[in-house]
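I have placed the structure first, in the form of structure tokens, so that the comments after it can refer back to it.
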Amino acid sequence: MEACPASFVAETEAEVWKHIELHAATAHQENPEKWSSEDRQQIRNLVRET
């Protein structure tokens, strides 16, 4: 996965994941369904509560 400066704010973690997946598909032409568990963990490590 390439580095990306995008950021998202939402009420729930599930909502954040929807934004992440939509962004990946539209901005990076990635298919989130093909992400490995390691890819998802790498992204999860970037998610912070505010």
Q. Expressed as an acute angle from 0 to 90° and rounded to the nearest 10, what is the orientation of the C-alpha long axis of helix 13-28 relative to the principal long axis of the chain?
A. 40
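Just the number please: accessible area per residue for the chain, 1.4 Å probe, all protein chains included, in Å². Please report the intermediate quantities before stating the final value.
On the way: 4260 Å² over 50 residues.
Result: 85 Å² per residue.
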Q) At a probe size of 1.4 Å, how large is the accessible area of Arg40, to the nearest 10 Å²? A) 60
Q) Quick one: net charge of Lys34's neighbours, Cβ under 12 Å, K/R +1, D/E -1? A) -3
Q: Would you work out what percent of the accessible area of the chain, with all protein chains in place, is carbon or sulfur (probe 1.4 Å)?
A: 50
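The values are calculated or read from the model by the stated rules, or taken from the named source; none is laboratory data. Because the structure is a prediction, the values reported are computed rather than measured. Please note: Cβ atoms are built from the backbone with ideal geometry, for glycine as well, and neighbour counts cover all protein chains shown. Surface accessibility is based on the protein's heavy atoms, side chains included, excluding ligands, DNA and RNA. Shrake-Rupley method; radii C 1.70, N 1.55, O 1.52, S 1.80 Å.
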